[in-house]
Amino acid sequence: MYTNLLSTLPIGEIHWYDEISSTNDAAFEAAEAGAPDMSVFAAGKQSAGRGRMRRTWVMTPGSSIAVSLLLRLSQAEMSSISLFSPLAGVAVCETLRESYEIPAQVKWPNDVLLNRKKICGVLCETRWQGEALLGPVIGIGLNLLRGSAPKLPDMPYPAFSIEEETGRKIDPAEMLYELVSKLTALRPLLGTPAFITRWEANLAYLGEPVALICPEKAPIRAIVRGIDPEGRLLIEREDGKKESILAGELSLRALN
Ligand code: BT5
């Protein structure tokens with residue numbers, strides 16, 4: 001049960017599940033029933049944790065965090081809806097750096113890497129209830145302790161835990177509290193240049209060559225130059241041409 005500390009924060013409902021299919025699904029069910037903004041759904045175990053594009057997210061009870069936040073956006077926030085997913089990545093990085101001195105980075109658009117290894121994934125989803133948009137629901141899976149990161153074949157990014165990389169055993173309840181506080185503090189910056197600055201300050205591969213992989217197309221080889229005001233990745237191709245890339249099917253791989 002990682003959620004006791006959270007009750008001291010000015011947030012919505014707080015739900016804990018010893019086991020559930022997916023905390024994102026729990027958040028959407030509650031959203032349909034009217035749960036308020038900033039409701040938190042956390043679980044010790046997920047039987048059907050998922051990543052983007054129907055990929056599987058594996059977690060280990062007691063040593064990783066699986067949490068989803070249900071947001072109800074204001075009219076003004078709707079124009080920044082695509083930034084809520086990176087918001088989570090930036091919040092995880094800033095929490096790890098400020099509260100634990102751990103230098104994690106965001107792999108655009110939103111995975112969190114530590115020493116170039118994946119310690120955290122973010123799944124940001126919306127659904128429709130009739131004509132009303134539900135969400136976004138921001139799902140965050142974070143590998144804290146040894147044994148929490150699955151060693152599966154064919155992982156594009158090796159999965160590791162914070163303990164494996166740093167030797168530090170972070171308390172899940174404390175981390176969850178710090179993370180939700182950070183997310184709440186960063187949220188008003190969305191749509192302002194300050195958020196892009198904070199994102200770039202935590203961006204992995206800045207100034208480095210990468211390959212952008214798109215299914216059934218030749219990879220784009222380029223240098224990462226930053227993030228534009230809309231949250232697109234700024235790259236410079238080998239011929240010097242600059243471009244902004246939208247998050248979507250593209251995935252980013254290091255070249256060295
Ligand atoms: C993600 O997807 O990285 C988003 C993962 C979001 C998980 C959270 S947990 C709370 C909430 N409830 C859910 O059901 N989901 C969210 P993607 O970028 O598609 O990466 C998925 C890939 O990461 C998989 O195909 C594996 O290769 C790898 N993977 C699976 N489990 C992992 C883990 N624990 N740590 C690191 N990598 C993992």
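Taking every Cα-Cα distance in the range 56-144 and sorting them into 5 Å bins from zero, the calculated P(r) comes out as 3, 14, 22, 23, 17, 11, 7, 3, 1 percent.
Stretched out straight at 0.36 nm per residue, the stretch from S99 to S47 would grow longer than its current Cα-Cα span by 15.7 nm.
Once the mean of 1/r is taken over each pair of separate Cα atoms and inverted, the chain shows a Kirkwood hydrodynamic radius of 18.5 Å.
In this Cβ point-charge picture (+1 for Lys and Arg, -1 for Asp and Glu), the chain has a dipole of about 660 debye about its Cα centre.
Note on the chain: helix-only mean residue ellipticity at 222 nm, from DSSP H runs of 4+ residues weighted -39500 (n - 2.57) and normalised by residue number, equals -7000 deg cm²/dmol.
For the range 171-213, compute Rg over Rh where Rg is the Cα radius of gyration and Rh is the Kirkwood radius from the inverse mean 1/r over Cα pairs.
1.13
Name the shape class, rounded, prolate or oblate, that the alpha-carbon gyration tensor gives for the range 134-253, where a ≥ b ≥ c are the square roots of its eigenvalues, rounded holds for a/c under 1.5, and otherwise prolate holds if a/b is larger than b/c and oblate otherwise. Oblate, because a/c is 1.5 or more while a/b does not exceed b/c. I'd like the Kirkwood hydrodynamic radius of the range 10-74, using the inverse of the mean 1/r over distinct C-alpha pairs, in Å. Averaging 1/r across every pair of different Cα atoms and inverting gives 12.1 Å. Computed from label points 7 Å out along Cα-Cβ, the spacing between R168 and R116 is 2.2 nm.
Cross-linked pairs K45/K118; K117/K241; K45/K182; K151/K182; K117/K242: Cα-Cα separations exceed 26 Å for K117/K241; K151/K182; K117/K242.
Every number in this text was worked out from the coordinates using simple rules, so none of it is lab data. Treat the numbers as computed from the prediction; the structure is a model and nothing was measured. Neighbour counts run over all protein chains shown; Cβ positions are idealised from the backbone, glycine included.
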